[in-house]
Amino acid sequence: MPFLKEQFGNPSSIYHLGRGAREAVENSRETVADFLGCRHSEIVFTGSGTEADNLAVKGVAWSCANKGKHVLTSSVEHHAVLHACRSLEKQGFEVTYLPVDGYGKVDPERLRSAIRNDTVLISITHGNNEVGTVQPIEKIGVIAREHGIFFHTDAVQSFGQIPTCVTELRCDLLSLSAHKIYGPKGVGALYVRRGCRLAPLLDGGGQEKNRRSGTENVAGIVGLGKAVDLAKRQRDIGQIDRIQKLRDYLAAGLERSIPEVRLNGHPSDRLPNNLNYSVRYLEGEGMLLELDLKDICASSGSACTSGSLEPSHVLMAMGVTHEWAHGTIRFTLGKGNTAGEINTVLEVFPPIIERLRSLRTRESASPKKAKRNSGVRVGN
Ligand SMILES: *Cc1c(COP(=O)(O)O)cnc(C)c1O
């Protein structure tokens, strides 16, 4: 609040009113840099995780275009990376979308063999936002460095959940976003290793050392720094372990009480807060609506594409059949969740599934009626 009121000065100004704002931005930069184990000069604040991904992918590709025009990524990236790559393709770049295994993992050796003389960037997400699978980023980082190729990882989901020290991950660029760790929406950051070439997305006043023009979102940046501080404290008092135990308890309960349910994503190399299930014979939306009536907030696939009935590109790339992919539901746990809430889900969800499945069987038994009732039935 002070940065929307008393400390309203422009951080790039000379007059004293801007000085407090400048200091606050720089403190935030130090906090984020400490958390990632890098120098503060290597942090660029952006307007979102999406912008950080775009800046990394397009910024490196554009600045290296004289060296080569090939980019390596995976088929399970967030749309912020995937669509940035599609946009590069329209500009004459070539992109290889690496396949993944049934758990959604990229094979580092397969990646190695896809490297070409003109490859200038590798971009692979750290922790998948839909199925939670954690990629072998360190191994990919070693390969990228051996070949002298810049390596970006989208760590928007993993940041604050699992270690994201940039020297351990061996990445040159890393994206993060404040709102995924309880910070404000509309602010993110990109780690850019010293010496990494990067063309800006925005031209203007040259803020953020010419890497991101535009007057800094001081309140947002301060909020990001504060969120990182709090995330660190929460982690140190065992919050992540607590959430993971709750998650495992929920998983065991669901798997015990629901027939024909499958976990999507890797069983152990997985973000500690994520569960993603396919429930056979059902539609994700139907389950979500029923759960919402009980005040349980879950999602199908990714939050960005829910509302579309297209099956998730992540599940398709993992080889999940349409039949299973349509019945997908994701539970993401957070610091506010309690054991009592998990018990509520375990009481409420299995009967919902049983009822939806019995409706479905009845409908398919009488085709005429099925047509009339083809919408999702909600309520009693
Ligand atoms: C949420 C998310 C983004 C986008 O971040 P925004 O700040 O919402 O733009 C990018 N990548 C992943 C993996 C995400 O989960």
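The values are calculated or read from the model by the stated rules, or taken from the named source; none is laboratory data. Treat the numbers as computed from the prediction; the structure is a model and nothing was measured. All Cβ positions, glycine included, derive from the backbone under ideal geometry; neighbour counts span all protein chains shown. Quick note on the areas: whole protein, heavy atoms, side chains included, nothing else; ligands and nucleic acids left out. Shrake-Rupley method; radii C 1.70, N 1.55, O 1.52, S 1.80 Å.
Summary table below
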| item | result |
| --- | --- |
| Between helix 137-146 and the chain: long-axis angle, C-alpha atoms, 0 to 90°, nearest 10 | 40 degrees |
| In Hz, Karplus ³J(HN,Hα) per residue of the stretch 276-293 (6.51, -1.76, 1.60; θ = phi - 60°; x = Gly, Pro) | 9, 10, 9, 10, 5, 6, 10, 9, x, 4, x, 5, 4, 5, 5, 5, 4, 4 |
| The stretch 73-128, Rg to Rh (Cα coordinates; Rh as Kirkwood inverse mean 1/r) | 0.95 |
| The stretch 239-365: C-alpha pair distances exceeding 20 Å, % | 42 percent |
| Nitroxide proxy distance, nm - points 7 Å out along Cα→Cβ at L359 and I14 | 6.8 nm |
| Highest-first arrangement of 264-276, 351-363, where packing means the average Cβ count within 10 Å | 264-276, 351-363 |
| Relative contact order (%) - the chain, alpha-carbon pairs under 8 angstrom, separation at least six | 18 percent |
| Degrees separating the helix 339-365 axis from the principal Cα axis of the chain, which is the longest one | 60 degrees |
| Those residues of the stretch 39-61 whose amide nitrogen sits under 11 Å from the label point placed on D203, 7 Å along Cα→Cβ | none |
| Stretchable slack from H147 to I237, in nm (0.36 nm times residue separation minus alpha-carbon distance) | 28.4 nm |
| Calculated P(r) of the stretch 32-89 - Cα pairs past 13 Å, % | 65 percent |
| The stretch 106-161, accessible surface, carbon-and-sulfur percent (1.4 angstrom probe) | 45 percent |
| Whole-percent carbon and sulfur share, accessible surface of the stretch 239-365, 1.4 Å | 52 percent |
| Simple Cβ-charge dipole of the stretch 2-235, Lys/Arg +1 and Asp/Glu -1, about Cα centre, in debye nearest 20 | 260 debye |
| Distance histogram in 10 Å bins (all Cα pairs of the stretch 121-220, percent per bin) | 15, 42, 34, 10, 0 |
| Share antiparallel - DSSP beta bridges, the chain, percent rounded to 5 | 55 percent |
| Pair-distance profile P(r), taking every C-alpha pair of the stretch 2-235, with 10 angstrom steps and integer % | 8, 34, 35, 17, 5, 1 |
| Globularity ratio of the stretch 1-122, using Cα Rg and 2.2 N^0.38 Å | 1.41 |
| Residues of the stretch 98-166: accessible area per residue with a 1.4 Å probe, Å² | 34 Å² |
| Solvent-accessible area per residue, Å², over the stretch 239-365 with all protein chains present [probe radius 1.4 Å] | 48 Å² |
| Whole-Hz couplings from phi, Karplus 6.51/-1.76/1.60, listed for the stretch 72-88; x for Gly and Pro | 10, 9, 10, 7, 10, 5, 5, 4, 4, 8, 4, 6, 5, 5, 4, 5, 4 |
| Neighbour net charge for V120 - beta-carbon separation under 11 angstrom, K R +1, D E -1 | +2 |
